[in-house]
Amino acid sequence: MTDTPHLVLVDGSGFIFRAFHALPPMTSPEGVPVNAVYGFTNMLARLLRDHVGTHLAVLFDASRQTFRSDIYPQYKAHRPEPPEDLRPQFGLIRDATQAFNVPGIELPGWEADDLIASYAVAVRKMGGTCTIISSDKDLMQLVGQGVCMLDPIKQTPIGPAEVEAKFGVPPEKVVDVQALMGDPTDNVPGVPGIGPKTASALINEFGTLEDVLSAAPEMKKSKKRDMLIEHAQAARLSLQLVTLATDVPLPVPVADLSTREPDKLVLADWLDSMGFRSVLTRMGMGSTSGAHAHRAARASAHASANGQDTPAQAAPAPSTGPADLLSAPYTEYETVRTAEALQKWVSAAQEAGLCAVDTETDGLDPLSATMLGFSLATAPGKACYVPLQHEGTLEAPTGEQLAPDRALDLLRPLLEDDSVLKVFQNAKFDLLVLDHAGIDHASIGPVDDTMLISYSQSAGLHGQGMDELSALHLNHTPIPYDAMTGTGRNRIPFAQVPVEKATTYAAEDADVTLRLWHVLHPTLRTNHALTLYEQMERPLVQVLAAMEKCGIAVDRAELTRLSTDFETRMKNMEQGIYAAAGREFNIASPRQLGEILFDEMGLKGGKRGKAGAWSTDSSVLQDLADQGHDLPVRVLEWRQLAKLKSTYTDALLKQTSKESRVHTSFQMAITTTGRLSSSDPNLQNIPVRTEEGTRIRQAFVAPAGRKLISADYSQIELRLLADVANIPTLREAFELGQDIHARTASEVFNIPLEGMDALTRRRAKAINFGIIYGISAFGLGKQLGIPAGEAKSYIDAYFARYPGIRDYMERIKAEARANGYVLTPFGRRCYVPGIHEKSAVRRQYAERQAINAPLQGGAADIIKRAMVRLPAALAAAGLDSARMLLQVHDELLFEVDDAQAQAVAEKAKSIMEAAAQLSVPLVVETGIAQTWAEAH
DNA sequence: CACGTCACG
DNA sequence: GACGTACGTGACGTGC
């Protein structure tokens, strides 16, 4: 034993949960769920095969009762019981350690984390080093001085730099930060109102938790200061809870943990019983060929990527692209500075029939940004960056750069080549950047988009950003953008990043995009998402690009008038508000308002938020107003104007182009249901419900000689409900074109349809909406301003009349529980991650999401289908002056020449109504006018 | 940055 | 017996 010991400590308990959630469900030959066991087995096999470390142990939690629960009974007390499919796996994982002949260690009263900490300290005292196999943030305090961590699933090392990136402080100060911010998952209280950013800032400024607490009284008066003083004890308790014990008596001495070979027969036997034969092969202990082992590993990588197949069911590995997809280095990139060099890359792309393209810009708005360069990837690991407009300095000149026009002329034939697939990550952005640079976006094709390929299969499961997808599918963390430009006041424009450095980042992005395509595109078919992607998401990119580029005209003068009007009226209201309050204060501050209403004026009916502040939202103020108080009425009115001015009139004026048009950005891969979202500015939430708000819509106009057309689906989600739940009465009502809310009222309250009174209809309408949202008595009661008990009697009456809807809801919940996702009628998968939550509140929330998703998502599918078909349909009808401008979930807005307005309205109506064949008719209502307010 | 609030479907 | 709830978004201002 001349070598210094290197002890590998596996966080067994942490791994179980992580693997259970990360891996797709799978079962042993006997039908026992084993996905976490499978992940654990692979991880152990890899450690042994690669001879990581001289000593090895797996640590487990022994019991729920620990010194932490003794000093703080709530510690982890609210933790849900493990899911049913996980419970049998705890024992199996201990069997696995035995089969591998690895010591499995646990000690009553201590968590695995404390054992790990104590072993780490012990081995360090012996002059050895230690690797902790875990991604648990609570272990990060141990990193440094011979101790490092390794993420067991992503295979990424976690060193001091990674810890500092996560917590904003070096490892030795992690506990202080954790004590301040608390940890809701473990019930560590922390200090309310202090999140990760504030916590690390405080620790960096003052040093330790105690330093922060003792400095608190001297801080500027603030909520933060008060919270620090008030919750100092909670913070000290939190510090005890998060600090790992390093003095646990070691059940097995380090010397007895030296790595030993497993008994091959014992191991093989056990692996056989679990159905994990392939693991032996992969360890180099089996008799089958290495090629087979490689394929098996590939197949299981995909099983986890698509979240569906199990190794037992996995088809013989699909061929998914080049062999070096995951292994090629992400470093060998070329900076292209000459026409000849660029032509070589273009030819290589044409040869391959496939390339990834990425653009670099000086801003995030593709319609105004300048393209600083672009990158191409033609095979895994093979990529280049073409700088075009980088700025050098005397000390660091950029070197030769291709003239932008020259480069674009060389690139254009590739982008327009029908025989070469161009892959982008978030294609719409790059298409608009290229468009702005001089290549018509509509001429570029064929185009694939890895973001949408992923979104089509995994909406709601995880984000669709490139870095996240890369970590997930390629086990690779791309260079962060901030590493190029720096952050804060040291940030430099991307154009000033030295060209060779920019190449490492930009070319890597194209490389990653191409590799993601190789991994993700084949899974579209196995996940039954190919049609959805090909027929809805992929063609929508060009449609939305055209809409964003076109923008919508606004009447700047009208917006300015409104802004002035709102401002004047707010000014006029201020004195009256101060008088009613008894003093001057900032009306826009909920905190100050709450103090006045509930502390100073002593009004009743206050609720407090989670940081302890009084709630003053409109429902609270409306309650107070109904009690006859004056101040809340005035504030409500003031707030409405303030909202309209700041969020709409002023903000829109700022974002209007020289041509008086506003260009939103539609996000295609954000929502969990398949809807679009709109931002910068958000044009999907322009006011319409109040008279004052409608005045904003009047400022959205068609230019002279043109008209706006609004076309919106009537009751599309209720129609979908009638269809998917197959409710004869609802279907009949839609067939007959009846007022659906009145018909519901008639059925549920058993009164004649004729002469339905407005209040009863309003109640039925609220019930109908509630159904779509996955109704709860509390929610319906709140909406209608009636007690939950009364609301419950409505719901009972509704379900008694429509038992099919209750059946549908149960069916959907069962589907969500079985698969982890639900499907829209068009096959879009909407993941519902919380469906197995132990906490009833969170589980019921997930159940409501599951009920709502097929309806909201189905409606999103239908309007997307219409949007994809419309441009060609309008063109074929000779309606060439029509432009689609906006989508607002169930409404499309067009701009068209006066002469074609009527025809476009009719065409849009017929295409939209034919976008899906349901068992109930789809109905679209259209309006033609000069402003959006009147067209709607 | 955390929070409260409010605009839309 | 207590708890905390209608579904999906984005943007603003306050008070740090």
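The values are calculated or read from the model by the stated rules, or taken from the named source; none is laboratory data. Please read all numbers here as calculations on a predicted model, not as lab measurements. Positions of Cβ are generated from backbone atoms using ideal geometry, with glycine treated the same way; all protein chains shown enter the neighbour counts. We work out accessible area using only protein heavy atoms, side chains counted, and drop any ligands, DNA or RNA first. Shrake-Rupley method; radii C 1.70, N 1.55, O 1.52, S 1.80 Å.
Answer with yes or no whether A:LEU892 is within 21 Å of A:ALA699 (Cβ to Cβ), touching a Phe, Trp or Tyr at 6+ places or on another chain (Cβ under 8 Å), crowded, with 21+ Cβ neighbours inside 10 Å and in contact (Cβ under 8 Å) with a residue 12 or more places away in the chain.
no
Scan region A:42-82 for residues that are part of a loop (DSSP other than H, G, I, E, B) and open to solvent by 30 Å² or more (accessible area, probe 1.4 Å) and report the count.
Looking only at that region, the number is 18.
Only residues in region A:16-30 that are open to solvent by 50 Å² or more (accessible area, probe 1.4 Å) count as the first member; pair them with residues that are at pLDDT 75 or above, Cβ under 6 angstrom, at least 6 apart or cross-chain, and list the lot.
As it stands, the answer is A:PRO25/A:ASN35; A:THR27/A:PRO33; A:PRO29/A:GLY275, since those pairs meet every condition given.
Do you know which residues across region A:756-771 are under 23 Å from A:GLN856 (Cβ atoms) and either within 7 Å of DNA strand C (Cβ to nearest atom) or among the acidic types (Asp, Glu) (or both)?
A:ALA766, A:ILE767, A:PHE769, A:GLY770
Sort out which residues of region A:836-889 are on the phi > 0 side of the Ramachandran plot and of a type in the set (A, V, I, L, M, F, W, C), and write them in order of number.
At the first step, the residues of region A:836-889 found to be on the phi > 0 side of the Ramachandran plot are A:878, A:889.
Passing the criteria: none in range.
Only one of (1) within 16 Å of DNA strand B (Cβ to nearest atom); (2) more than 25 Å from A:ARG68 (Cα to Cα); (3) not in a helix (DSSP H, G or I) fails for A:GLU205. Which number is that?
Failing condition for A:GLU205: (3).
Please enumerate the residues belonging to region A:251-273 that are part of a loop (DSSP other than H, G, I, E, B) and either surrounded by fewer than 18 Cβ atoms within 10 Å (Cβ to Cβ) or of a type in the set (Ser, Thr, Tyr) (or both).
Correct list: A:PRO251, A:VAL252, A:PRO253, A:THR259, A:ARG260, A:GLU261, A:ASP263.
So which residues in region A:859-889 are open to solvent by 10 Å² or more (accessible area, probe 1.4 Å), over 19 Å from A:GLU717 (Cα atoms) and assigned to a helix (DSSP H, G or I)?
A:VAL868, A:ARG869, A:PRO871, A:ALA872, A:ALA873, A:LEU874, A:ALA875, A:ALA876
When you scan region A:825-837, how many residues do you find that are open to solvent by 10 Å² or more (accessible area, probe 1.4 Å) and within 13 Å of DNA strand C (Cβ to nearest atom)?
Counting residues in region A:825-837 that are open to solvent by 10 Å² or more (accessible area, probe 1.4 Å) and within 13 Å of DNA strand C (Cβ to nearest atom) gives 4.
Return the total of residues in region A:829-861 being in contact (Cβ under 8 Å) with a residue 24 or more places away in the chain and of a type in the set (Ser, Thr, Tyr). Even if it seems obvious, please write down each step before you answer.
Our first condition is that a residue be in contact (Cβ under 8 Å) with a residue 24 or more places away in the chain; within region A:829-861, this holds for A:829-833, A:836-839, A:844, A:846-861.
Right, trim to of a type in the set (Ser, Thr, Tyr) and you get A:831, A:839.
Within region A:829-861, residues that are in contact (Cβ under 8 Å) with a residue 24 or more places away in the chain and of a type in the set (Ser, Thr, Tyr) number 2.
Go through region A:323-341 and report how many residues are crowded, with 16+ Cβ neighbours inside 10 Å and not aliphatic (A, V, I, L, M).
Number satisfying all stated conditions: 5.
Output yes when any residue across region A:215-234 is farther than 30 Å from A:ASN35 by Cβ, more than 16 Å from DNA strand B (Cβ to nearest atom) and in contact with a Phe, Trp or Tyr (Cβ under 6 Å, 6 or more places away or on another chain), and no when none is.
Yes.
May I ask you to list the residues in region A:172-196 that are assigned to a helix (DSSP H, G or I) and surrounded by fewer than 18 Cβ atoms within 10 Å (Cβ to Cβ)?
Going through region A:172-196, the residues assigned to a helix (DSSP H, G or I) turn out to be A:172-181, A:184-186, A:196.
Selection gives A:GLU172, A:PRO184, A:THR185, A:PRO196.
Looking at region A:774-801, I want the residues that are without any contact (Cβ under 8 Å) to a residue 40 or more places away in the chain and over 22 Å from A:ILE751 (Cα atoms) and have a partner that is open to solvent by 30 Å² or more (accessible area, probe 1.4 Å) and more than 8 Å from DNA strand C (Cβ to nearest atom) with Cβ atoms under 7 Å, at least 6 apart or on another chain. Which pairs are those?
Hits for this filter: A:ALA777/A:LYS792.
State whether the residues of region A:610-619 include one that is more than 30 Å from A:THR673 (Cα to Cα), open to solvent by 70 Å² or more (accessible area, probe 1.4 Å), within 16 Å of DNA strand C (Cβ to nearest atom) and hydroxyl-bearing (Ser, Thr, Tyr). Before you say what the answer is, go through the steps one by one.
Applying the first criterion (more than 30 Å from A:THR673 (Cα to Cα)) to region A:610-619 yields A:611-616.
Remaining after also requiring open to solvent by 70 Å² or more (accessible area, probe 1.4 Å): none.
The answer is no; no qualifying residue exists.
Return the only residue of A:ALA356, A:ALA349 being within 23 Å of A:PRO322 (Cβ to Cβ), at pLDDT 95 or above, in contact with a Cys (Cβ under 9 Å, 6 or more places away or on another chain) and buried (at least 20 other Cβ atoms within 10 Å of the Cβ).
A:ALA349
With the condition kept exactly as written, say whether any residue in region A:150-170 is buried (at least 19 other Cβ atoms within 10 Å of the Cβ), touching a residue at least 24 places away in the same chain (Cβ under 8 Å) and part of a helix (DSSP H, G or I).
Within region A:150-170, one or more residues are buried (at least 19 other Cβ atoms within 10 Å of the Cβ), touching a residue at least 24 places away in the same chain (Cβ under 8 Å) and part of a helix (DSSP H, G or I).
Residues that are closer than 30 Å to A:PHE429 by Cα and within 12 Å of DNA strand C (Cβ to nearest atom), at least 2 per element: which helices (runs of 4 or more DSSP H) completely within region A:635-753 meet that? Working first, answer last.
Values: elements: A:651-654, A:691-697, A:716-724, A:728-735, A:740-749.
The helices (runs of 4 or more DSSP H) meeting that bar are A:651-654.
How many of the residues making up region A:577-602 are open to solvent by less than 20 Å² (accessible area, probe 1.4 Å) and in a helix (DSSP H, G or I)?
Residues in region A:577-602 being open to solvent by less than 20 Å² (accessible area, probe 1.4 Å) and in a helix (DSSP H, G or I): 7 in total.
Of the numbered conditions (1) surrounded by fewer than 20 Cβ atoms within 10 Å (Cβ to Cβ); (2) within 13 Å of DNA strand B (Cβ to nearest atom), A:SER660 satisfies every one except a single condition; which is it?
(2)
For every residue, the table says whether it meets (1) touching a helix residue (DSSP H, G or I) at 6+ places or on another chain (Cβ under 7 Å); (2) free of Cβ contacts under 8 Å to residues at least 60 places away in the same chain.
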residue: A:ILE863; (1), (2): no, no
residue: A:GLY878; (1), (2): no, yes
residue: A:MET884; (1), (2): yes, no
residue: A:GLU906; (1), (2): no, yes
residue: A:GLU913; (1), (2): no, yes
residue: A:SER919; (1), (2): yes, no
residue: A:ALA935; (1), (2): no, no
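Tell me which of these A:THR616 doesn't satisfy, since it passes every other one: (1) within 26 Å of A:LEU892 (Cα to Cα); (2) of a type in the set (Ser, Thr, Tyr); (3) in contact (Cβ under 8 Å) with a residue 24 or more places away in the chain; (4) out of contact with any Ser or Thr (no Cβ under 7 Å at 6 or more places or on another chain).
All conditions are met except number (1).
Of the residues A:THR564, A:THR513, A:THR523, which is hydroxyl-bearing (Ser, Thr, Tyr) and open to solvent by 60 Å² or more (accessible area, probe 1.4 Å)?
It is A:THR564.
Out of the residues in region A:682-696 meeting the condition of being among the charged types (D, E, K, R) and within 9 Å of DNA strand B (Cβ to nearest atom), tell me which one is least open to solvent (accessible area, probe 1.4 Å).
Among those residues, the one meeting the criterion is A:GLU692.
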